[in-house]
Each structure stands twice: as C-alpha cells, then as structure tokens.
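I have placed the structure first, in the form of structure tokens, so that the comments after it can refer back to it.
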Amino acid sequence: MDSVIQVEGLVKNFGDTRALAGVDLVARRGTVLGLLGPNGSGKTTTVRVLATLLRPDAGRASVFGHDVVSDPDAVRRRIGLTGQYAAVDEALTGTHNLILIARLLDLSRAEARARADELIERFGLTEAAGRRVRTYSGGMRRRLDLAASLIGRPDVLFLDEPTTGLDPRHRNEVLDSVRDLAADGTTVLLTTQYLEEADQLADDLVVLDRGRVIARGTPASLKAEVGGRQLQVRPMDRVDVPAVVTIVGELAGRAPSISPSGEVVLAGAGPELLSAVAGRLESSLIAVAELGLRLPSLDDVFLTLTGHTANDTEEVAA
C-alpha cells in the first residue's frame, strides 16, 4: 500500500523539555495507525506537527507528499482533525454547527445543508439534529465533532484521544464511528492511551514513550514479541489458587504468577501444557471458571518495553 503519512527524525522542544526526540513513522493508505503512549509521551505534539499547527525543530513530515512546513496549505486540504475535546458551539443546533463549518469551507448554502444532513444521518444524530448542542450527551458531542471534521471530505483524519472523558457506552459509540470511517477508506491516525482501543482499531501501532518510538508493528506482532502466549487459570473457588499454582508449576517446571484477581498466569505456554493442566485439574476435582491461552495484552507490552505501565509515566511531553 502507498504511504500517506511519512515522518522522519521529528524533533520538537518546548524550552528545556524535549517533546519529540527523533520520531519516525509511516501510515499506509486506507488503514488505522495507532499512536500509543501515556500522557507526556509526545502523541499530541506529533499530531499538531502533522496538522501544521506546530513547526518542528528538526526532521521532516509529509502528508500525501506535501511537506507540513513548506506546503502547509496543501496538507490542510487533505486532512481533518478531531482534538481531545469536542470543538462545537453549544448555542447552535447540531445541523447548524455543520452548516457553519461547511460554509467556512466555501460550500454553497445548498451544498452545506446537504452535507450536514448526510453527516447527521451517518453519525446517528437525526433525532437530535434540531436541538441545541448544550442538550447533547458527551458521546453525541464527540460524534458531532467527528462529523464536523469530515465536512471537507478529508483523505486523512487525525483523531487525538477522541474518547477522552467519555463513559464506556459513549466511548463505544465513538469507536464504532471510527471503525465505519476506516471501513470507508479514510486513513486514520489515532492517538490513545487506552490500550484496548488501539488493540481493537489499529492495523499498525507505533508506541511512544518520552518522545521516542520504542516499538512498532501490528498489535498481534507486538504481543508476540513480548513472549508468546500466556496460560491463564482462574479457579472457581479462590481457596484453590495455591493448589493450581502447584499443579502448573510442577507441569511447567517453573513457577507461575498470581494476578490481583486470583488468576494463575504463566508466560510462554503452549497447547501441550494447557492440555496437561486441564487433565490434572480434572483429576484433582478443582473446578475452574477460566482456563485457556491468550496473547499478552498491550498493557503487558507496554510494561515489558518500558518497565512501567501506561498510567504511571510522568508528564514530560504533550
């Protein structure tokens, strides 16, 4: 596939703080690139450079071959941007918000109305279209914000933590909208600190930490890189955890770990061990609520790569 976004050696400083320290990344046409990292890793700074809102101190970045510094107008004609917080006018209705943006993009009155109606329907806001946005839920505002970013039919959409502050139900509404956009062929660069979002949505991942790229690949390849599959056993009765630990340890020849929820976990396991453990548990009359193999989560990936979780990093960059 053709490369739509290319970033090479991107550097950005804010005073004594280095927000980006030589970032490289590539986004392929018609895919979702997940830019993953905690607060302070440099995700938003990268998006702001790509959206021509910040000038890098070194390196280069281009969108469809147009340099973000030397040809910013051409870049802006190809992109849409949704920031961390919905940028909609609460005093206007949903429809009037979209018409306003369409008119600012030089669409005629008729074209603006038609485009607004089309996007209102696409994002499931028809019943609320005539209401003032101040009456919308958080999820509805984010969907309207996404619709607004698509008025100009961008080829590339930057989504900077689009589910920030939303409850699980409204987060799912926004994620469904992102899936639909990707399915329609829009190239999406999604920044998130929610690891499950990246796992669900992204075709490719770039993991940032303190302004540097520390890993890249597909979600599956990054999980496999951390150590293959994990055996997980959760006994029905928590008092059986010590017995399960003994069984797994004896069969594997090494000690498993115990999660806070009472799961017995062993990395680097395979189907043979799973079968052997299942047989021993059955013969020992130990009932289990869960028994299986899984790839490590992206939480596991981040912890392995950085030595800390995605939630306990100091905020050193934007």
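Okay, here's what the table says:
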| quantity | calculated |
| --- | --- |
| Residue match in segment 58-79 (condition: of a type in the set (Phe, Trp, Tyr) and assigned to a loop (DSSP other than H, G, I, E, B)) | yes |
| Flag if Val47 is open to solvent by less than 10 Å² (accessible area, probe 1.4 Å), more than 30 Å from Asp299 (Cα to Cα) and aliphatic (A, V, I, L, M) | no |
| Boolean, Ala252 is in contact (Cβ under 8 Å) with a residue 40 or more places away in the chain and either touching a Cys at 6+ places or on another chain (Cβ under 8 Å) or under 28 Å from Pro219 (Cα atoms) (or both) | no |
| Qualifying residue in segment 124-143 (condition: part of a loop (DSSP other than H, G, I, E, B), in contact with a strand residue (DSSP E or B) (Cβ under 6 Å, 6 or more places away or on another chain) and under 28 Å from Thr52 (Cα atoms)) | no |
| Which listed residue is closer than 30 Å to Gly9 by Cα, touching a Gly at 6+ places or on another chain (Cβ under 9 Å) and open to solvent by less than 10 Å² (accessible area, probe 1.4 Å), from Val133, Val23 | Val23 |
| Residue list for segment 274-291, filter: over 22 Å from Gly228 (Cβ atoms) and outside any helix (DSSP H, G or I) | Ser284, Leu285, Ile286, Ala287, Ala289 |
| Segment 1-18, residues that are more than 15 Å from Ala58 (Cα to Cα) and surrounded by fewer than 18 Cβ atoms within 10 Å (Cβ to Cβ) | Met1, Asp2, Ser3, Asp16 |
| Check on Arg216, touching a residue at least 24 places away in the same chain (Cβ under 8 Å), basic (Lys, Arg) and within 30 Å of Leu285 (Cβ to Cβ) | no |
| Test result for Val188, open to solvent by less than 40 Å² (accessible area, probe 1.4 Å), modelled with pLDDT of 90 or more and aliphatic (A, V, I, L, M) | yes |
| Residue, nearest to Leu157 (Cα to Cα), within segment 34-55, restricted to residues that are charged (D, E, K, R) and touching a residue at least 24 places away in the same chain (Cβ under 8 Å) | Arg48 |
| Residues satisfying the stated conditions in segment 278-299, i.e. open to solvent by 50 Å² or more (accessible area, probe 1.4 Å) and closer than 16 Å to Glu250 by Cα | Arg280, Glu282, Ser283, Ser284 |
| Some residue of segment 253-269 being more than 30 Å from Leu20 (Cα to Cα), in contact with a helix residue (DSSP H, G or I) (Cβ under 6 Å, 6 or more places away or on another chain), assigned to a helix (DSSP H, G or I) and hydrophobic (A, V, I, L, M, F, W, C) | no |
| Qualifying residue in segment 229-241 (condition: of a type outside the set (Lys, Arg), in a helix (DSSP H, G or I), open to solvent by 30 Å² or more (accessible area, probe 1.4 Å) and at pLDDT 90 or above) | yes |
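For (1) modelled with pLDDT under 95; (2) surrounded by fewer than 19 Cβ atoms within 10 Å (Cβ to Cβ); (3) of a type in the set (A, V, I, L, M); (4) under 22 Å from the mean Cα position of the chain (by Cα), each residue gets a yes or a no:
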{"site": "Ser62", "(1), (2), (3), (4)": "no, no, no, yes"}
{"site": "Asp71", "(1), (2), (3), (4)": "no, yes, no, no"}
{"site": "Leu81", "(1), (2), (3), (4)": "yes, no, yes, yes"}
{"site": "Ile99", "(1), (2), (3), (4)": "no, no, yes, no"}
{"site": "Asp106", "(1), (2), (3), (4)": "yes, yes, no, no"}
{"site": "Glu111", "(1), (2), (3), (4)": "no, yes, no, no"}
{"site": "Met140", "(1), (2), (3), (4)": "yes, no, yes, yes"}
{"site": "Ile151", "(1), (2), (3), (4)": "yes, no, yes, no"}
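The values are calculated or read from the model by the stated rules, or taken from the named source; none is laboratory data. Bear in mind the structure is a predicted one, so any value in this text is a computation, not a measurement. For neighbour counting, all protein chains shown are included, and Cβ atoms are generated from backbone atoms with ideal geometry for every residue, glycine included. Accessible surface areas use protein heavy atoms only, side chains included; no ligands, DNA or RNA. Shrake-Rupley method; radii C 1.70, N 1.55, O 1.52, S 1.80 Å.
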